Amino acid sequence: MTRQRPIWTWIVLGIVLLPFLATLVAATSVDFSKGAYGGGITLDWLAAAWVLLAPSIMRSVLVGIIVLLANLVLGGTLAWWVSRTTSPFARIAVYLANVPLAVPGIAISIALIGTFAALRPSGLLLVAGHILFTLPFTIAALVPVLGSRELLETEQVARSLGASPFRTLWSVTIPAAAVAIIQASGMAFALSFGEFNVSFFVNPPATPMAPFALFDAYQTRRLELASAETIIFILCAALVIGLITWSRTIGSSRRASQ
């Protein structure tokens, strides 16, 4: 029996898609000041936007990958410790990791620049700022999985059969938490890719990140070109969101088959 989607699902979908479609119309119009598809339809704005935005996209992708790897190492280690210890310091560590979410991004950016100004030209300060904002989401995604009773019991069985701690981690823990790891990695990358405050204040203006390049486009360029850059940015982010959705589907299918 097919379950009918609630009306609110379609309403939310419409709210999300309508701005995207409006932006797409502007990006493919020769002259949007004359109305939708004023002067005809063209892909020239999208081609020009890619030439202008590609360097910023590549920089954002590179930073996103670095932030993703740092989240797996730092966030994974912290999540593993928090999920398996009774120490009161675990709760304090989680609280401190979540502090950046409660502080305005502008304030954190200014604090980072004032404290570690020497790291700004190298880009390390930008990466550190992105890690601060993405780490809480990685921890939140991994702690429930790494602390699940089923996983702990499976690990105990593996160790009782003679598996070393590394073999248990590689053969039991990581496969069991694979879906959560993919989701946490995708979320860390997507948040880094779209982070504006740190990218605006911490990153040197000569090498703008993708969010700042979009902001600058709407400030200084034609609406059609800025809209085309927005479409490219959304498509790049949609690829990551699609990966997260796919991993959730795979995880649900595996749980249903068990």
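Roughly how big is the chain's charge dipole about its Cα centre, with Cβ charges of +1 (Lys, Arg) and -1 (Asp, Glu), in debye to the nearest 20?
My answer is approximately 640 debye.
Does the range 1-42 classify as rounded, prolate or oblate by the C-alpha gyration tensor (a ≥ b ≥ c root eigenvalues; a/c under 1.5 gives rounded; else a/b over b/c gives prolate, otherwise oblate)?
prolate
For Cα extents along the principal axes in Å, the listed values are [x] 70, 43, 38; [y] 73, 61, 29; [z] 47, 39, 33; which was obtained by calculation from the structure presented?
Derived directly from the coordinates: [y].
Normalising by the residue count of the chain, find the relative contact order in percent from Cα pairs under 8 Å and 6+ residues apart.
Contact order relative to length: 29 percent.
Which of rounded, prolate or oblate describes the range 17-139 when judged by the alpha-carbon gyration tensor and an a/c cut-off of 1.5?
Prolate is the answer for the range 17-139, as a/c is 1.5 or above and a/b outweighs b/c.
Using packing as a proxy for protection, rank 102-113, 214-225, 149-160 so that the peptide with the highest average count of other Cβ atoms within 10 Å comes first.
214-225, 102-113, 149-160
What dipole magnitude, in Debye to the nearest 20, does the range 1-115 give about its Cα centre under +1 on Lys/Arg Cβ and -1 on Asp/Glu Cβ?
Approximately 460 debye in magnitude.
For I110 and F196, what does the FRET efficiency come to when R0 = 22 Å and r is the distance between their Cβ atoms, rounded to the nearest 0.05?
Efficiency for this residue pair is about 0.90.
Please turn the phi angles of the range 91-108 into ³J(HN,Hα) values with the Karplus equation 6.51 cos²θ - 1.76 cosθ + 1.60 (θ = phi - 60°), one per residue in order, whole Hz, x for glycine and proline.
With the stated coefficients, the range 91-108 comes to 5, 5, 5, 5, 4, 5, 5, 8, 4, x, 6, 9, 10, x, x, 4, 5, 5 Hz.
Name the residue, out of F137, F32, F201, whose mean-square fluctuation peaks in a Gaussian network model built on the chain with Cα pairs under 10 Å.
Of F137, F32, F201, the most mobile in the Gaussian network model is F32.
From the backbone phi of the range 13-23, what are the Karplus-calculated ³J(HN,Hα) couplings (6.51 cos²θ - 1.76 cosθ + 1.60, θ = phi - 60°) in whole Hz, Gly and Pro given as x?
After applying 6.51 cos²θ - 1.76 cosθ + 1.60, I find 4, x, 4, 6, 7, 4, x, 5, 5, 5, 5 Hz.
Any read-out appearing in this document is the output of simple, stated calculations on the displayed coordinates, not a laboratory observation. Model, not experiment: these values are computed from the prediction. We place every Cβ from the backbone using ideal geometry, glycine too, and count neighbours over all the protein chains shown.
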